[in-house]
């Protein structure tokens, strides 16, 4: 069993196609394809790319895996624009990309597609893994190797998993956290309770990379749940043109 | 210096008066309040007026927020459908009862208060709705304190007081990334505390008595105070003023009107 | 009257006793007997909700081989008892023992009473009626006749945490002092529970009834609640019950999730998971 885990297509159809092609060339068969949000965005080459990416996800070709999609930051912005979540008018999107960006997003994703996105998952709990866009603290939670250690620890506890796969940062990394020691003493109205020594086994946060955010280079993650083996893939593709390029180069990186 | 910290008064003026009298006997120099001045109880206006007239700084609780912004907590912040139904009844009643200037005052309350190395919140630094229970994972609890840059985090919301010391914390982080070589770092955290002030007006420790805490900043010493008051007066007022009688029964039993949510750390995105 | 059974011992057992003493529980020990046709009758349930009488439902759900009969079928059955039949008649506390129509039948009369009353020297209405005394739960028999409330709940499915709260409240006396509560409640995972409380005994007992999961629309099998107590506030209790029942929309949502869950659980039984090692000393 091998999973391909990707995030951050951001409307970049060429990058997604390059990743799909890379998957076909892998020696070991990919059995599940997870897309951890940000399928739409402003990285497309044409206005139609967001819709094209959604079509590609919804209707995979013959013999292709059906992607399992959860929502990300960009999807949440669409929900906000279309009045499908608590916060109206997407203030986060406005702050991030300005009025033109908001307009482009509004015009490039149809309401019907937004409704489809709304019906996608919040995240996936599989075996001892949580796969999610941000974290259990929220879709905008951006975890990186520079995030304070105690915060990473907290996110792993909230994930209730040994392996937390996330996509918000767009980076590929593996961060093992070992909560080694802690003495906790609680005093209630009934007096002091016995002290607890808490320690936990090492667990990790994995940044799965970004397919579409960096033009020309798509990154994603392969994971074998049976062996816990993890590898990061980097796929180069031609930026300007999303017809299949002749020489696409892919390289792998296997963290120890 | 001695501080008194009170929380979750919930419109119970009898309990508040008894606690303020007890604070006087304890010779506390300052009083802090962690919010939920209104909701469930029969005297929301009176409680707010008393807090304001005594110049007690207060955070905003989840009930105060709902009275200001309208009921927008999602159903997942209620532990049960029954609690949600009753919460709505209490909200509607309070919303009708409350004076405009009281509502305006509640809107001005901050989410957190700080003083030196102390931080005051209603639920947790993340959310007015998060319950920091004494059984919460120690590392997760530590994260809540560290998120505030304080050494002592005061919270309420659970209606059961406690003090929790988190000592000798150690954790390590090992990073593998494509762009850099493997790194490993160790972290040690000195003593941190979470102090829950319990509830003045809606205690849930199994007795009807009000609870609050005294904190001695010099000795870093915590005293959990339990104060008797004439709860039957409040129970009668609940019935007389048209609040659901079940609230009076639960108050007399020392049971909160709403139990805790299934997943107390759950933070709703709405 | 036809021959009762080949051994000549009467096949009819009348069982009486105060509320919460353990009448149905005592009868239950004989209901797994597969050598005889078994019948169970709880007479005088008498109201329009009598089909939801909890003892009848419980016996029917727990012992499918037992024929549960109602008052109108009783006379006919007792006149024409099948060979080897065993009939158990549970006499509710609200019936006058001296005036029972079954008293004239050749039958075994068992009174289940608190242990101190089970001694031969003790005197009570049970002693003068019964020909056999059995020590039941150690509870106080009520001095004055309590009120009895039955609420039909068929079709209702409960929000589990709300159910827990309402049971704590009812048994804790929030709607008037309660000496006995028994009920059958449907939960969103399609299971039904038998719930039992007796004042003076510890806790509330939850028993999962081994029934087919009901995960398609509102359950059609019968369920209900019976409360015995004093000055019971029926309206307030009904409001709490109502507020704890799932709406159509929520029920549909839950049932969809549970159907998926059980389907998935079946297909992934063979998958193994790596459990987090965690030590809390």
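Helical runs assigned H by DSSP (4 residues or longer) give chain B a calculated mean residue ellipticity at 222 nm of -9500 deg cm²/dmol, each run adding -39500 (n - 2.57) before division by the residue total.
Computed over chain C with a Gaussian network model linking Cα atoms closer than 10 Å, the most mobile of C:75, C:152, C:111 is C:75. Dimensions of the stretch B:148-213 based on its C-alpha atoms, expressed as ranges along the principal axes with the largest first, amount to 59, 22, 20 Å. Pairwise alpha-carbon distances in the stretch C:12-135 exceed 25 Å for 21% of all pairs.
Between residue B:183 and residue A:87, the FRET efficiency estimated from the beta carbon spacing at R0 = 41 angstrom works out to 0.60. When only Cα pairs below 8 angstrom with a gap of at least 6 residues are kept, chain C shows a relative contact order of 20 percent. Using the alpha carbons alone, the radius of gyration of the stretch B:115-270 stands to its Kirkwood radius in an Rg to Rh ratio of 1.10.
Helix A:13-25 and the long axis of chain A differ in direction by around 70°, with both axes built from C-alpha atoms.
Averaged over the residues of A:204-212, the number of partner chain Cβ atoms lying within 10 Å of the residue Cβ comes to 1. In plain terms, the residue of B:63, A:3 with the fewest other Cβ atoms within 10 Å comes first and the most crowded comes last, giving A:3, B:63. The Cα-based radius of gyration of chain C, divided by its Kirkwood radius, gives an Rg/Rh of 1.03. Give the percent of DSSP beta bridges with both residues in chain B that are antiparallel, rounded to the nearest 5. Rounded to the nearest five, the antiparallel share is 70 percent. In whole percents, the pair-distance distribution calculated for chain B from its alpha-carbon pairs, binned every 5 Å from zero, is 1, 6, 13, 18, 19, 16, 11, 7, 4, 2, 2, 1, 1, 0, 0. Kirkwood radius for the stretch A:125-175, taken over all pairs of different Cα atoms as the inverse mean of 1/r, rounds to 10.8 Å. Taking the stretch C:192-239, how much of its Cα-Cα pair set, in percent, is spaced more than 16 angstrom apart? Tail of the P(r) past 16 Å holds 58 percent of the pairs.
Our analysis of the stretch B:88-204 gives Rg over Rh at 1.13, with the two radii drawn from alpha carbon positions and Rh computed by the Kirkwood formula. Is there a simple number for the mean count of other chain Cβ atoms within 10 Å of the Cβ of residues in B:242-255, and what is it? Partner Cβ neighbours, averaged per residue: 3. Over the residues of chain C, the helix contribution to mean residue ellipticity at 222 nm works out to -7500 deg cm²/dmol, using -39500 (n - 2.57) for each DSSP H run of at least 4. Would you mind checking the tilt of helix A:91-108 against the longest principal axis of the Cα atoms of chain A, expressed as 0 to 90 degrees and rounded to 10? Helix A:91-108 and the main axis of chain A meet at about 30 degrees.
For chain C, the longest principal axis of the alpha carbon atoms and the long axis of helix C:234-243 meet at an angle near 30°. Taking chain C as a Gaussian network, Cα atoms linked when under 10 Å apart, which of C:171, C:25, C:121 shows the biggest mean-square fluctuation? Greatest mean-square fluctuation among the candidates belongs to C:121.
What number, in nm² with one decimal, is the all-direction average of the projected area of the convex hull of the alpha-carbon atoms of the protein assembly as shown? Over all viewing directions, the protein assembly as shown projects a mean Cα-hull area of 42.5 nm². Beyond 24 Å, the tail of the calculated P(r) for chain A holds 49 percent of the Cα pairs.
Comparing mean-square fluctuations of A:112, A:66, A:45 from a GNM of chain A with C-alpha springs under 10 Å, the top value falls on A:112. Calculated mean residue ellipticity, 222 nm, chain A: -8500 deg cm²/dmol, from DSSP H runs (n ≥ 4) at -39500 (n - 2.57) each, averaged per residue and rounded to 500. Legend: translational diffusion of the stretch C:147-263 by Stokes-Einstein, Rh = Kirkwood radius over C-alpha pairs, 20 °C, 1.002 mPa s; D = 146 µm²/s.
Going from the fewest other Cβ atoms within 10 Å to the most, the residues C:42, B:235 appear in the order B:235, C:42. Beta-bridge orientation, the protein assembly as shown: approximately 65 percent antiparallel, per DSSP, counting only bridges with both partners inside. Note on chain C: antiparallel DSSP beta bridges, both residues inside, total approximately 55 percent of the bridges counted. The order of C:109, C:216, going from fewest to most other C-beta atoms within 10 Å of their C-beta, is C:216, C:109.
Translational diffusion coefficient of the stretch B:185-252 (Stokes-Einstein, Kirkwood radius from Cα pairs, 25 °C, 0.890 mPa s): 169 µm²/s. The mean number of partner chain beta-carbon atoms within 10 angstrom of a residue's beta-carbon across peptide A:109-121 is 0.
Bear in mind that the values in this text are calculations on the coordinates, not laboratory data. Predicted model, so just to flag it, every value in this text is computed and none were measured. So basically every Cβ, Gly included, is an ideal-geometry build from the backbone, and we count neighbours across all protein chains shown.
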